[in-house]
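Participant: Questions regarding the structure given below will be posed in turn.
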Amino acid sequence: MRRRGDALLARSADVYFTEDVHPAYDRILDELAPDEARILRFMAQNGPQPSVDVRTNRPLGIGSELVQGDLTSVPEQAGVRYPDRARPYLINLNRLGLTLISDDPVVLSRYMVLEVQPLVEAALKKAGRAPKIVRKSLRLTEFGEDFCRTCFTLGN
């Protein structure tokens, strides 16, 4: 390990050594499912997407419990082949540092379609009387944006 670390430091000091792309991109491609690539391409072409948390509603928000978090219809919109794997796909993309959930919402009207999807409606029913919806967004990280520009053809 020390030899590898020293070799990295030596390359960083070499003014003639150039790297066109981040060295992790090759490894990341090996760790992506084809459906995850579809999700990334969709997000690179369409920008941040709506995501919601469904919580129980308590007075003053005290004791509110998360019923289900980070609900989004991005996998379905991207046309994934295995929609039942949507949650693991999104977890993996986050693990790889390509996506993140942000507290910054997208345009309010974009949540209307998401909030009537079966997965959100089921969570709302489970939350009980007067559930609370917390609006957020699913976004590519800067690293994810560069990864998509480098690794995918994004033209329409």
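Participant: Count, please, the residues in the range 88-101 that happen to be loosely packed, with under 14 Cβ neighbours inside 10 Å and either farther than 14 Å from E31 by Cβ or of a type in the set (V, I, T) (or both).
Facilitator: Number satisfying all stated conditions: 1.
Participant: Residue by residue through the range 122-136, note down the ones that are of a type outside the set (A, V, I, L, M, F, W, C), farther than 23 Å from N94 by Cβ and touching a residue at least 12 places away in the same chain (Cβ under 8 Å).
Facilitator: So the first thing to find is which residues in the range 122-136 are of a type outside the set (A, V, I, L, M, F, W, C), and the list is 125-126, 128-129, 131-132, 135-136.
Within this subset, residues satisfying the condition of being farther than 23 Å from N94 by Cβ are 125-126, 128-129, 131-132.
Across the range 122-136, the qualifying residues are K126, G128, R129, P131, K132.
Participant: Within the range 1-31, track down each residue that is more than 30 Å from P75 (Cβ to Cβ), of a type in the set (G, A, S) and at pLDDT 70 or above. Quick ask: steps written out before the conclusion?
Facilitator: Just the residues of the range 1-31 that are more than 30 Å from P75 (Cβ to Cβ), to begin with: 1-20.
Okay, now just the ones that are also of a type in the set (G, A, S), so 5, 7, 10, 12-13.
Residues satisfying the conditions are G5, A7, A10.
Participant: Looking at the range 137-156 only, could you name the residues that are touching a residue at least 24 places away in the same chain (Cβ under 8 Å), open to solvent by 50 Å² or more (accessible area, probe 1.4 Å) and in a helix (DSSP H, G or I)?
Facilitator: F143, E145, D146, R149, T150
Participant: Same structure again: Keeping to the range 111-131, report how many residues are assigned to a helix (DSSP H, G or I) and either touching an Asp or Glu at 6+ places or on another chain (Cβ under 7 Å) or surrounded by 15 or more Cβ atoms within 10 Å (Cβ to Cβ) (or both).
Facilitator: 8
Participant: Sticking with this structure for a sec: Within the range 121-156, can you find the residues that are farther than 30 Å from R27 by Cα and of a type in the set (A, V, I, L, M)?
Facilitator: Those that are farther than 30 Å from R27 by Cα and of a type in the set (A, V, I, L, M): A122, A123, L124, A127, A130, I133, V134.
Participant: List the residue pairs whose Cβ atoms are under 9 Å apart, where the first residue sits in the range 44-65 and is within 16 Å of A123 (Cα to Cα) and open to solvent by 50 Å² or more (accessible area, probe 1.4 Å), the second is at pLDDT 85 or above and among the hydroxyl-bearing types (S, T, Y), and the two are 6 or more positions apart or on different chains.
Facilitator: E65/T56
Participant: Spot the failing condition for V134; the list is (1) open to solvent by 50 Å² or more (accessible area, probe 1.4 Å); (2) closer than 26 Å to L60 by Cα, and only one is missed.
Facilitator: The failed condition is (1).
Participant: Taking P34 as meeting all but one of (1) at pLDDT below 95; (2) open to solvent by 30 Å² or more (accessible area, probe 1.4 Å), write down the number of the exception.
Facilitator: Of everything listed in (1) at pLDDT below 95; (2) open to solvent by 30 Å² or more (accessible area, probe 1.4 Å), P34 misses just condition (1).
The values are calculated or read from the model by the stated rules, or taken from the named source; none is laboratory data. Model, not experiment: these values are computed from the prediction. Heads up, the Cβs are rebuilt from the backbone with ideal geometry, glycines too, and the neighbour counts pull from every protein chain shown. What goes into the accessible areas is simple: the full protein's heavy atoms, side chains included, and nothing from ligands, DNA or RNA. Shrake-Rupley method; radii C 1.70, N 1.55, O 1.52, S 1.80 Å.
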